[in-house]
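The values are calculated or read from the model by the stated rules, or taken from the named source; none is laboratory data. These figures come from a predicted structure and were not determined experimentally. Neighbour counts run over all protein chains shown; Cβ positions are idealised from the backbone, glycine included.
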């Protein structure tokens, strides 16, 4: 059980308290603290007896999770965000789902919005053909539409379980991404390597949305955009990658239309100043991705050694789990 933390002591306390309520399974809790200055690490040790790995600086979500994964001793490794709280049966249900078949390498939770638990935050993931990804059912009312166990594209890293053998085979999180989109990159890489993901609605978590950097953060948007491009360049088949600018333009147009209605993610960047800041963050993300392309292309070539799905199979997989344009806007 790995939790990455950075200066969110009270959220971390609630998250760890929810783990104390887990039943029916033995596990260890590893907190990887990214240089917190609010006493988070000390609290985790003193109040919950967690095993704490201390970093002197904020190494990001990816590197910190990789530290926790390397330190974990179990056959399966669960991740829980420090801004998420798990229902008592969460861990045992994830374990059951992840161990259902030898090629099941990932298990996805039913993640609800903490502030409004009648709404879905994520129930597995979907992806738009330009690389932008989002939780399945995000923002919709929970009316039982995601109460069936089924295969999904990949889990959200907020509350997921991974088979350690899979991670040893394909590698952990791509540390170049730092944060955001990292679970999508890992999940799609795992699917390309022939692993599958199972979703179970009985593994329930409540999540504070946008608690790490804030939904209106330009830095957050820059990372999301940069990592969208890097994911596509690294993992998409060339036939789909060639269409990326067209899909990206369609998404921007749909986003602009949503902004005109005061809806969508653009609502977190109000007014003309907010829209200019949003555009600047997207452009900065694209420029940052451009600088990282040579390194990313080398990684793309290395993936051929673990590939089980061919380019046509990957294209079909992405399009079968495609986000609708209206939803991604």
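Here are the numbers for the structure shown:
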{"read-out": "Given (1) at pLDDT below 95; (2) surrounded by 17 or more Cβ atoms within 10 Å (Cβ to Cβ); (3) touching a helix residue (DSSP H, G or I) at 6+ places or on another chain (Cβ under 9 Å), number of the condition residue 296 does not satisfy", "value": "(1)"}
{"read-out": "Residue 138, sole failed condition from (1) in contact (Cβ under 8 Å) with a residue 40 or more places away in the chain; (2) in the same structural domain as residue 100 (by TED's automatic domain parsing); (3) buried (at least 24 other Cβ atoms within 10 Å of the Cβ)", "value": "(3)"}
{"read-out": "Selected residue (criterion: farthest from residue 120 (Cα to Cα)) from residues of region 81-93 that are outside any strand (DSSP E or B) and within 16 Å of the chain's Cα centre (by Cα)", "value": "82"}
{"read-out": "Of the criteria (1) more than 25 Å from residue 180 (Cα to Cα); (2) at pLDDT 95 or above, which one residue 30 fails", "value": "(1)"}
{"read-out": "Sole residue being under 15 Å from residue 172 (Cα atoms), touching a helix residue (DSSP H, G or I) at 6+ places or on another chain (Cβ under 8 Å) and assigned by TED's automatic domain parsing to the domain that holds residue 203, chosen from 77, 53, 25", "value": "77"}
{"read-out": "Criterion (buried (at least 18 other Cβ atoms within 10 Å of the Cβ) and either in contact with a strand residue (DSSP E or B) (Cβ under 8 Å, 6 or more places away or on another chain) or free of Cβ contacts under 8 Å to residues at least 60 places away in the same chain (or both)) met by exactly one of 87, 57", "value": "87"}
{"read-out": "Residue 237 being surrounded by fewer than 16 Cβ atoms within 10 Å (Cβ to Cβ) and either assigned by TED's automatic domain parsing to the domain that holds residue 301 or at pLDDT 95 or above (or both)", "value": "no"}
{"read-out": "Test: residue 131 is assigned by TED's automatic domain parsing to the domain that holds residue 31, out of contact with any strand residue (DSSP E or B) (no Cβ under 8 Å at 6 or more places or on another chain) and surrounded by 24 or more Cβ atoms within 10 Å (Cβ to Cβ)", "value": "yes"}
{"read-out": "The lone exception for residue 24 - which of (1) assigned to a helix (DSSP H, G or I); (2) in contact (Cβ under 8 Å) with a residue 12 or more places away in the chain it fails", "value": "(1)"}
{"read-out": "Residues satisfying the stated conditions in region 165-213, i.e. part of a strand (DSSP E or B) and touching a strand residue (DSSP E or B) at 6+ places or on another chain (Cβ under 7 Å)", "value": "196, 197, 198, 199, 200, 201, 203, 204, 205, 206, 207"}
{"read-out": "Criterion violated by residue 112 - all others in (1) farther than 24 Å from residue 64 by Cα; (2) not in a strand (DSSP E or B) satisfied", "value": "(2)"}
{"read-out": "Odd one out for residue 7 among (1) crowded, with 23+ Cβ neighbours inside 10 Å; (2) touching a helix residue (DSSP H, G or I) at 6+ places or on another chain (Cβ under 8 Å)", "value": "(1)"}
{"read-out": "Flag if residue 162 is under 19 Å from residue 78 (Cα atoms) and part of a strand (DSSP E or B)", "value": "yes"}
{"read-out": "Enumeration of residues in region 192-221 that are surrounded by 18 or more Cβ atoms within 10 Å (Cβ to Cβ), more than 13 Å from residue 97 (Cβ to Cβ) and at pLDDT 95 or above", "value": "192, 193, 195, 205, 206, 207"}
